[in-house]
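K.L.:
Please find one structure pasted underneath; my questions will follow.
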Amino acid sequence: MQQIVQPLARRAHPSPLAAVNDFVVKFANVNGSGSASANGMFAKSILRMGVPMSARNIFPSNIQGLPTWYEVRISEAGHLGRRGGVDLMVAMNPQTWAKDVASIEPGGYLFYDSTKPLPHEGVRDDITLLGMPLTAICNAAYSDPRQRQLFKNIIYVGALSALLGIDPAVNEVLIAEQFKGKDKLIRPNLEALAMGREHAQDLISSVRLKVRRADAVGDRIYIEGNSAAALGAVYGGATVCAWYPITPSTSLAEAFMGYCADHRLDEAGKARYAIVQAEDEIASIGIVVGAGWNGARAFTCTSGPGISLMQEFVGLSYFAEIPAVIFDVQRGGPSTGMPTRTQQSDILSAAYASHGDTKHVLLFPEDPTECFEMGALAFDLADRLQTMIFVMLDLDIGMNEWLCRPFVWDDARRLDRGKVMGHDALEAGEPFARYRDIDGDGIAYRTLPGVHPSRGGYFTRGTSRDPDARYSEEGPIYVANMERLLHKFETAKTLIPSPVPRPAARKTPLGVIYYGSTSPAMNEALLSLEDDGIHIDALRVRGFPFADEVFAFIAAHETVFVVEQNRDAQLRTLITTEGGIDPAKLPSVLNYDGSPITARFITHQIKDRMRAAADAAGLAEAAQ
């Protein structure tokens, strides 16, 4: 039997970091090692202690055996964005050792497997080393190689619970829940957990990061954005999903399958839905547009490469005025880009998708709660406006679990099918012209196939036509139709979610516009800037076309920063294009390295730009 050496702790200078309910733990693992469930259990144990936290999975886009990370930010204050930096690194991957050690904050901690001698590369004098012979412990306790690998993860979770002061009963309950119905697995996992706690006893005094019970989580729930959007689609009346697998949107379609199996069955148990895994993205959007024409509420979920392929059918939806929904879970691009990294880089390609003059409605949820709400709303908007609606998630929202407000649904709410003429109206002889605007809002009445045996029929075409749906390439008729579509887009302004203002504590000439998953980092950055005496009014945009409040906000401030996660300032471009705004008034704060933006980054960028502007003003004054 291999000898188990004693745990090793080495305290370095400066003094180790000390914090309660406010620090970052990061796990460095090997993809496919079974660490995901163990790391997730650690994250949930923080919530069970009543302390808010946010967790982000950073994983490779290809094969088993490559590096993966899992970052947990513990924040009793409720900051859910990435903070940046690591206070406690759990280094379980020799491949990334030097990089992982380098990311630790001065005074931080490095927890590692001390079975083998400590690597010389990357060892620092300003961190505390926490060595535990995990491999030796597992070799002594287990003979099966797979058990050694899997239980090693549970052992370090047990060790961390001891080091950080997490109630052992919390993890015991989580294990019982995770292996419910598999009773034979509960006991061995509890034993591995206890093993980790026991071997960590000699290290506890070296760690000054602690989790203390609190009551700061409240009634909030913990869920992925993709699952939330899928549930929103169910509540929004969706019955058709056609999709082609692509990271990071696949789990949205899979979640929809599960929800439909529970909630889309008739009394006889027969499915009242259709889910089709198509041969490619082009086929999937074609199925969706066909289903929308036929009266079903239909959607696809995809990412940037899929949006590129779907352009022609998106144009058909716009021009033929067929309701449909696309959930775009954005990732790093262009081309294959970074499939497992996050960005907000499809804004322009979605807003103006297809050739010719098109403008599409975009929704920008900030968290899973809004993914649910906007996931349902999108189908009402699609029917009401008779067009394609894009719900713009991203990988950070879609594939990570977030702590968020519980979902609320009004049972009295009814689906808004928009302007649909049924059998009775047609039978009564009411006039019908498929593309004629009789209400002045740019939206014409439509019928559904087969609703009446002799009235209400029309040709659906992607070519130009007159108000009665008759083929025509006459210039004035084409122009009138395109103007009507533009007027319909103006009507959309009254239907999309309004922007959310966050005024500063005092009057200020500075403003900031942001959207989507940037929200938690932005909210924290505003507090930090305010502490430094920098007051900024903020406005979170929730949809396109932009409400009048967006341009009024810009007009009311001398400088408005636009914070987003792409290289080319796509939201800023959309604002300047649509509002005729001088781009010089809208300095950009851009993060596009594939990792979620942090409050530290935003704060530093805004301060740097303010200093640069002050220096430029000083030089101009001196020149005069």
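K.L.:
State the dimensionless ratio Rg/Rh of the stretch 8-210 (Rg: radius of gyration of Cα atoms; Rh: Kirkwood radius). Present the calculation step by step, with values, prior to reporting the outcome.
P.N.:
Details: Rg = 15.9 Å, Rh = 17.0 Å.
For the stretch 8-210, the value is 0.93.
K.L.:
If packing is taken as the average count of other Cβ atoms within 10 Å, what order do 492-501, 584-593, 173-182 fall into, highest mean first? Could the numbers behind the result be given before it?
P.N.:
On the way: 492-501: 16.0, 584-593: 18.0, 173-182: 13.5.
Top of the packing list down: 584-593, 492-501, 173-182.
K.L.:
What percentages, rounded to whole numbers, describe P(r) for the stretch 551-598 computed over all alpha carbon pairs with 10 Å bin width beginning at zero?
P.N.:
Answer for the stretch 551-598: a P(r) of 27, 52, 20, 2 percent.
K.L.:
Could I get the Rg over Rh figure for the chain? Both from C-alpha atoms, Rh via Kirkwood, rounded to two places. Each step should come with its number before you reach the end.
P.N.:
Values: Rg = 27.5 Å, Rh = 26.8 Å.
Answer for the chain: 1.03.
K.L.:
Using the alpha carbon gyration tensor of the stretch 104-235, what are the three equivalent-ellipsoid semi-axes (square root of 5 times each eigenvalue), largest first, in whole Å? Intermediate values should be presented prior to the final figure.
P.N.:
Working: eigenvalues 178, 99, 52 Å².
Three semi-axes, in Å: 30, 22, 16.
K.L.:
Can you give me the C-alpha center-to-center distance between the stretch 448-519 and the stretch 275-319, rounded to a whole angstrom?
P.N.:
Result: 18 Å between the Cα centres.
K.L.:
Follow-up question, since we're still on this one. Tell me, what is a quarter of the convex hull surface for the C-alpha atoms of the stretch 11-105, in nm² with one decimal?
P.N.:
For the Cα atoms of the stretch 11-105, the hull's average projected area reads 6.7 nm².
K.L.:
Still on this structure, please answer the following. Report the dimensions of the stretch 305-418 along its three principal axes from the alpha-carbon atoms, largest first, rounded to Å.
P.N.:
41, 35, 14
K.L.:
Return, ordered by residue number, the residues of the stretch 232-251 whose backbone nitrogen is under 18 Å from a label point located 7 Å along Cα→Cβ of ASN294.
P.N.:
237-244
K.L.:
Peptides 203-215, 315-327, 595-607: what's the order by average Cβ count within 10 Å, highest mean first? Please list the in-between numbers first.
P.N.:
Numbers: 203-215: 16.5, 315-327: 25.2, 595-607: 20.9.
Most protected by this proxy first, the peptides run 315-327, 595-607, 203-215.
K.L.:
Turning to a different aspect of this structure: Roughly how many nanometres apart are two label points built 7 Å out from the Cα toward the Cβ at ARG48 and ARG413?
P.N.:
Simple spin-label model gives 3.3 nm for this pair.
K.L.:
Report the FRET efficiency, 1/(1 + (r/R0)^6), for ALA216 and ALA169, where r is their Cβ-Cβ distance and R0 is 30 Å, rounded to 0.05. If you can, show how the numbers build up before the last one.
P.N.:
Values: r = 19 Å, r/R0 = 0.65.
Calculated value: 0.95.
K.L.:
So if I average 1/r over every pair of distinct C-alpha atoms in the stretch 223-404 and take the inverse, what Kirkwood radius in Å does that give?
P.N.:
Numbers: mean 1/r = 0.0639 Å⁻¹.
Computed over Cα pairs of the stretch 223-404, the Kirkwood hydrodynamic radius comes out at 15.7 Å.
K.L.:
Another question, if that's okay. At q = 0.13, 0.26 Å⁻¹, work out log10 I(q)/I(0) for the stretch 62-115 with the Debye formula, treating every Cα as an identical point scatterer and leaving solvent out; two decimals please.
P.N.:
For the stretch 62-115, the Cα-only Debye profile gives -0.39, -1.13.
K.L.:
Indicate, rounded to the nearest 5 percent, the antiparallel portion of the DSSP beta bridges found entirely in the chain.
P.N.:
Values: 30 of 81 bridges.
Rounded to the nearest five, the antiparallel share is 35 percent.
K.L.:
Which value in Å does the Kirkwood hydrodynamic radius of the stretch 401-509 take, with 1/r averaged over all unlike C-alpha pairs and then inverted?
P.N.:
Kirkwood radius, the stretch 401-509: 17.8 Å.
K.L.:
Given R₀ = 45 Å, FRET efficiency for ASP266-LEU118 by Cβ-Cβ distance, to 0.05?
P.N.:
Values: r = 64 Å, r/R0 = 1.41.
For R0 = 45 Å, the calculated efficiency reads 0.10.
K.L.:
If the convex hull of the alpha-carbon atoms of the stretch 507-559 is projected onto planes in all directions, what is the mean projected area in square nanometres? Each step should come with its number before you reach the end.
P.N.:
Working: hull surface 15.1 nm².
Taking the Cα atoms of the stretch 507-559, their convex hull projects to 3.8 nm² on average.
K.L.:
So what are the three principal axis dimensions of the stretch 493-624 from its Cα atoms, in whole Å, longest to shortest?
P.N.:
The principal-axis extents, from largest down, are 50, 31, 31 Å.
K.L.:
Among ALA350, PRO94, GLY218, which residue has its Cα furthest toward the positive end of the charge dipole of the chain, with +1 on Lys/Arg Cβ and -1 on Asp/Glu Cβ?
P.N.:
Value computed over the given set: PRO94.
K.L.:
Something else: Sum -39500 (n - 2.57) across every DSSP H segment of at least 4 residues in the chain, then divide by the residue count to get the 222 nm mean residue ellipticity, nearest 500. Don't skip to the answer; put the middle values down first.
P.N.:
Numbers: 20 runs with 237 residues, N = 624.
So the calculated ellipticity at 222 nm is -11500 deg cm²/dmol.
K.L.:
To continue, here is another question. Hey, can you grab everything whose amide H is under 5 Å from the amide H of MET421? Only 5+ residues off in sequence or another chain; H modelled, so Pro and N-termini drop out.
P.N.:
ARG446, THR447
K.L.:
Using a cut-off of under 16 Å, list every residue of the stretch 38-62 whose amide N is near the label point 7 Å from the Cα of GLN95 along the Cα-to-beta-carbon line.
P.N.:
Counting only backbone N, you get 58-62.
K.L.:
I've got another one for you. Have a look at the DSSP beta bridges in the stretch 223-404 and tell me what percent are antiparallel, nearest 5. The partial results should precede the final answer.
P.N.:
On the way: 4 of 24 bridges.
Percentage antiparallel, nearest 5: 15.
K.L.:
Okay, moving on. Each label point is 7 Å from the Cα along the Cα-to-Cβ direction; what then is the distance between the points at LYS184 and ARG455, in nm?
P.N.:
Result for the modelled spin labels: 7.0 nm.
K.L.:
Still on this structure: Using a cut-off of under 20 Å, list every residue of the stretch 131-172 whose amide N is near the label point 7 Å from the Cα of SER205 along the Cα-to-beta-carbon line.
P.N.:
Only 131-133, 159-166 fall inside the zone, counting backbone N under 20 Å.
Rule-based calculations on the coordinates, nothing more; no lab input. This one's a predicted model, so the numbers in the text were calculated from it and none came from an experiment. Virtual Cβ from ideal backbone geometry, glycine too; neighbours counted across all protein chains shown.
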